[in-house]
Amino acid sequence: MTILLVDDDDAVLRVVQRVLRVRGYAVVSAPSGDEALRLFEDQSGEFDLLLTDMVMPGVPGRELADEILRRKPGIKVLYMSGYTEDEVMRRGDLGTGQSFIQKPFTLDELDQRLRALLAVA
């Protein structure tokens, strides 16, 4: 399983990438939505899941996911944010059937959420 990981916080990006690799995932990381789109194109969209922060400068997570879903319908998306899920829903940032994990999360919580999403594939 290959994950496209996107977060503008370098510390989050490095820690999550390292842990996911230890747990057996192939991970390609990007510090911005623009860079993630470039990597997506470079790898011909060969990703199983997009794990993205919601609030980033430039291309925010929701716009990034919308564009990637346009290019590869059916790719799994897991949003992460410091906002609560209620706040995200109230703002309209999370569509029906989309998955969300609130920061800070434990790495076990993240792994469980990813496994559940990818098992449905």
When the range 72-121 is checked residue by residue, the ones that are open to solvent by 90 Å² or more (accessible area, probe 1.4 Å), modelled with pLDDT of 90 or more and either hydrophobic (A, V, I, L, M, F, W, C) or closer than 22 Å to Q43 by Cβ (or both) are P73
So which residues in the range 32-60 are open to solvent by less than 30 Å² (accessible area, probe 1.4 Å) and among the acidic types (D, E), if there are any at all?
D53
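The values are calculated or read from the model by the stated rules, or taken from the named source; none is laboratory data. What you are looking at is a predicted structure, and each value in this text was computed from that prediction instead of being measured. With ideal geometry, Cβ positions are generated from the backbone for all residues, glycine too; neighbour counts draw on all protein chains shown. Heads up: the accessible areas ignore ligands, DNA and RNA and are worked out on the full protein's heavy atoms, side chains in. Shrake-Rupley method; radii C 1.70, N 1.55, O 1.52, S 1.80 Å.
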